[in-house]
Amino acid sequence: LKRFMIKTSVSGYLSKMQMAIKQTICKFTLLIVISTLIASQAIAKDNFAIFDTSINQGQIGIGKSFEDSVLYHESLEFGSSGEKLYLINQDQTQVAILDFCCGNSGLITQRIVITTPDRVAPKRRINPTNIKAFISDHGFKVGTSSSILLKKLGIPIVKKHDKNSEYFEYFTQNQKFALLSDNNMPSYYSIYRINKKTKRIISIEFGFSEP
């Protein structure tokens, strides 16, 4: 009986030890995962290469004068007292919205939005172009798969969602980013809206945050 009690006691002790080891391993694994996510976000936040800064190979760029673009001509019709410009592609499936902010006479582009015509407010004057598609620096356009986006940019710094969409957000306040320091702006961001069903981009927005 004594031997049985000793054997049972040892067996119970070993079981407790195994359980404690498993719990420690689980906690350690979770810590590694959390640390990796935090590190990935920190890298993304200050990795300036992840940010889209122009469309169609620099034809329109953040911090650049639209007057220098090949797309500029005097017959263009602007909205919001000259602060916005709406452009549509050849087959009328995509719209690029340029925000110049504050009636800037130099038409320095502050923000760029790429979306679909149905998401543009009614009665906006949309200017036709000969562009086949509006494409960002990283090759993103309306219809690009979210898996391609994540592969190129990594985990979003902020991820939000509503009933039908997810929003992948990236931003930085690091003044080592030349676009910020050169233009005296506090922060830069990019937001990609993803359709939950199709897992594809339905709108792209990037540029300077509000001063």
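The values are calculated or read from the model by the stated rules, or taken from the named source; none is laboratory data. Please read these numbers as outputs of a predicted model, since none were measured by experiment. No Cβ is skipped: glycine too gets one built from the backbone with ideal geometry, and neighbour counts run over all protein chains shown. Accessible surface is based on the protein model in full, side chains and every heavy atom, while ligands, DNA and RNA are left aside. Shrake-Rupley method; radii C 1.70, N 1.55, O 1.52, S 1.80 Å.
The single condition among (1) over 12 Å from Ile112 (Cβ atoms); (2) modelled with pLDDT under 95 that Thr93 does not meet is (2).
In this entry, Ser203 passes the filter for residues that are surrounded by 15 or more Cβ atoms within 10 Å (Cβ to Cβ) and either more than 24 Å from Ile60 (Cβ to Cβ) or modelled with pLDDT of 95 or more (or both). Within the stretch 84-92, does at least one residue satisfy the condition of being under 25 Å from the mean Cα position of the chain (by Cα), over 18 Å from Ile202 (Cα atoms) and not small (Gly, Ala, Ser)? Yes - at least one qualifying residue is present in the stretch 84-92.
Would you pick out the residues in the stretch 160-204 that are aliphatic (A, V, I, L, M) and closer than 13 Å to Asp52 by Cβ?
If we filter the stretch 160-204 for residues that are aliphatic (A, V, I, L, M), which is where we start, we get 178-180, 185, 191, 194, 201-202, 204.
Within the stretch 160-204, Leu179, Ile191, Ile201, Ile204 qualify.
If you check Ile55, Ile62 for being among the hydrophobic types (A, V, I, L, M, F, W, C), modelled with pLDDT of 90 or more, out of contact with any helix residue (DSSP H, G or I) (no Cβ under 8 Å at 6 or more places or on another chain) and open to solvent by less than 60 Å² (accessible area, probe 1.4 Å), only one passes: Ile55.
Of note, Val33 does not satisfy the criterion of being at pLDDT below 95 and open to solvent by 90 Å² or more (accessible area, probe 1.4 Å). Exactly one residue out of Tyr86, Tyr72 is of a type outside the set (Gly, Ala, Ser) and part of a loop (DSSP other than H, G, I, E, B): that is Tyr72.
Val158 meets the stated requirement of being over 15 Å from Ile201 (Cβ atoms), β-branched (Val, Ile, Thr) and free of Cβ contacts under 8 Å to residues at least 40 places away in the same chain. Cβ-Cβ under 6 Å, sequence separation 6+ or interchain: first residue in the stretch 187-210 and among the hydroxyl-bearing types (Ser, Thr, Tyr) and part of a loop (DSSP other than H, G, I, E, B), partner buried (at least 18 other Cβ atoms within 10 Å of the Cβ) and modelled with pLDDT of 95 or more. Which pairs? From the stretch 187-210, the pairs are Ser209/Tyr189.
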